[in-house]
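The values are calculated or read from the model by the stated rules, or taken from the named source; none is laboratory data. On a predicted model such as this, the values are computed, not experimentally measured, just so you know. Virtual Cβ from ideal backbone geometry, glycine too; neighbours counted across all protein chains shown. Ligands, DNA and RNA are excluded from the accessible area calculation, which covers all protein heavy atoms including side chains. Shrake-Rupley method; radii C 1.70, N 1.55, O 1.52, S 1.80 Å.
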Amino acid sequence: MKVRYFEYNNDPNGEKYIEVSEEKFIKDVMITEGRFYISFGNFVLECSESEYKEEAKRKRHTRYISSLSDGVYPIFEELDKNRK
C-alpha cells in the first residue's frame, strides 16, 4: 500500500490539507524546524504542535497499558525519560 503525504494548505479558500509527493513533504515538513507530523496507517499528516504532543501522549499511554497487561511493570525512570 502506498504511503500518502499531506501538508497544510496555505490557500484559505481550499481544503485544509493538500496531498503532496514524498519528496516535497520531506523537504517542506520533515526537515523544517517548527513543523510537526503524525503518521497513521498509510497516511503521514502535518499537524500542529499541540496535536503532535497529544498523539505522542496517547501512544505512550497505549504502550504503558499494554505493558501492564503483559505483566511487565515499567520503572518510573523509564516513564520520565519518555515524557519529552
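What is the one condition in (1) under 14 Å from the mean Cα position of the chain (by Cα); (2) in contact (Cβ under 8 Å) with a residue 24 or more places away in the chain that V3 does not satisfy?
Here V3 meets the rest and fails (1).
If I ask for residues that are assigned to a helix (DSSP H, G or I) and either open to solvent by less than 40 Å² (accessible area, probe 1.4 Å) or touching a helix residue (DSSP H, G or I) at 6+ places or on another chain (Cβ under 9 Å) (or both), which ones from the range 1-27 would you list?
Across the range 1-27, the qualifying residue is only F25.
Condition test on K57, is it outside any loop (DSSP other than H, G, I, E, B), at negative phi and open to solvent by 60 Å² or more (accessible area, probe 1.4 Å)?
Judged against the criteria, K57 is a match.
State whether one or more residues within the range 28-46 are part of a helix (DSSP H, G or I), more than 20 Å from K59 (Cβ to Cβ), out of contact with any strand residue (DSSP E or B) (no Cβ under 7 Å at 6 or more places or on another chain) and open to solvent by 90 Å² or more (accessible area, probe 1.4 Å).
No, that holds for no residue.
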